[in-house]
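A short worksheet on the structure shown next.
The values are calculated or read from the model by the stated rules, or taken from the named source; none is laboratory data. Remember, predicted model here, so these are calculated numbers, not experimental data. For neighbour counting, all protein chains shown are included, and Cβ atoms are generated from backbone atoms with ideal geometry for every residue, glycine included. These area figures cover heavy atoms from the full protein model, side chains too; ligands, DNA and RNA do not enter into them. Shrake-Rupley method; radii C 1.70, N 1.55, O 1.52, S 1.80 Å.
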Amino acid sequence: AQSVAQPEDQVNVAEGNPLTVKCTYSVSGNPYLFWYVQYPNRGLQFLLKYITGDNLVKGSYGFEAEFNKSQTSFHLKKPSALVSDSALYFCAVRESGGSYIPTFGRGTSLIVHP
Amino acid sequence: GAVVSQHPSWVICKSGTSVKIECRSLDFQATTMFWYRQFPKQSLMLMATSNEGSKATYEQGVEKDKFLINHASLTLSTLTVTSAHPEDSSFYICSAREEPSGVSGEQFFGPGTRLTVL
């Protein structure tokens, strides 16, 4: 079975400050991990993914995420937040070699204050 | 990246009518498409997996007779909400997995359809 947890419903950060959106996962084997962003009344946009290789993954719009196997985490980060980063962020996981249907977290609302 | 479109982007209908939502992969072939439902400030709920040329696979608790899914071609899947009622009002999102999927098989999402049933 696969599952993913986003422990924070909302994250507030001031513009220019670093941001972190947390995600932890559980799979039986090796994970494929994804981050998506959703703006109001829009579908999800792909940000980045971890499949294998370097634990630090760089994605779109200056976002990056670090895969930590021992902590089963894949936190999303950005060094300097922008007001336009305010959106809903979803972490997703699926097990390599398992079902190709990922499991999504419940989402974290990121609010960047001017 | 791959593009998925949905039509319409929003629809308002009267209770008892049926509504069809189209999902198209514009620049790639998608053997498999997914239909999600999203309630306000909540995560995505997978409704069904749509397979080209075969019957859709519905998640537990989703009424297949109410939410009719047809995957007519490698680029088109449709979701028809039959005899819609106000409780069917929601944001419906489709996604497609690019084929061949490669290692990760990441999904590409449509922009969503806002359904309001009066």
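A few comments on the model shown:
- Summing Lys and Arg as +1 and Asp and Glu as -1 over all other residues whose Cβ lies under 12 Å from the Cβ of A:His113 gives a net charge of -2.
- Pairwise burial B:A, computed as accessible area of each alone minus the pair, summed, 1.4 Å, Å²: 1700
- For the protein assembly as shown, the fraction of 1.4 Å probe accessible surface lying on carbon and sulfur atoms is 51 percent.
- For the range A:5-114, the relative contact order is 38 percent, taking Cα pairs closer than 8 Å that sit 6 or more residues apart in sequence and dividing their mean separation by the residue count.
- Computed from label points 7 Å out along Cα-Cβ, the spacing between B:Ile12 and B:Met45 is 2.4 nm.
- Separation in nanometres of the label points that stand 7 Å from Cα toward Cβ, at A:Ala14 and B:Thr80: 5.7
- Taking amide H as placed 1.01 Å from N in the peptide plane, B:Met47 has its amide H under 5 Å from the amide H of B:Trp35, B:Tyr36, B:Arg37, each at least 5 places away in sequence or on another chain.
- Prolate/oblate/rounded call for chain A, Cα gyration tensor, a/c under 1.5 rounded: prolate
- Residue pairs, from the table A:Lys49/B:Lys66; A:Lys77/B:Lys20; B:Lys14/B:Lys64; B:Lys20/B:Lys41; A:Lys22/B:Lys20; A:Lys22/B:Lys64, whose Cα atoms sit over 32 Å apart: A:Lys49/B:Lys66; A:Lys77/B:Lys20; A:Lys22/B:Lys20; A:Lys22/B:Lys64
- Close amide H pairs (under 5 Å, H built 1.01 Å from N) link B:Thr17 with B:Ala84, residues at least 5 positions away or on another chain.
- Anisotropy class of chain B from Cα gyration tensor, a/c 1.5 cut: prolate
- On a per residue basis, the range A:1-80 carries 51 Å² of accessible surface, using protein heavy atoms and a 1.4 Å probe.
- Each part gets one Cα centre, and for the range B:1-27 versus the range A:10-39 those centres are 29 Å apart.
- 3J(HN,Hα) along the range A:47-55, derived from phi through the Karplus expression 6.51 cos²θ - 1.76 cosθ + 1.60 where θ = phi - 60°, amounts to 9, 6, 8, 10, 10, 6, x, 4, 5 Hz, with x in place of Gly and Pro.
- Here the Kirkwood formula puts the hydrodynamic radius of the protein assembly as shown at 18.2 Å, using every distinct Cα pair.
- Buried on assembly, the range A:36-70 (at least 20 Å² less accessible surface than by itself, 1.4 Å probe): A:Tyr36, A:Gln38, A:Asn41, A:Arg42, A:Gly43, A:Leu44, A:Phe46, A:Lys49, A:Ile51
- Accessible surface computed residue by residue for chain B, with neighbouring protein chains in place and a 1.4 Å probe, gives 48 Å² per residue.
- Each residue of the range B:29-46 was assigned a 3J(HN,Hα) from its phi angle through the Karplus expression (A = 6.51, B = -1.76, C = 1.60, θ = phi - 60°), giving 9, 10, 5, 10, 10, 10, 10, 10, 10, 10, 8, x, 6, 10, 6, 7, 10, 5 Hz with x at Gly and Pro.
- Within 10 Å of the Cβ of each residue in A:100-109, the mean number of Cβ atoms contributed by other protein chains is 5.
- Summing charges over neighbours of B:Val19, with a neighbour being any other residue whose Cβ is under 13 Å away from its Cβ, gives +2 when K and R count +1 and D and E count -1.
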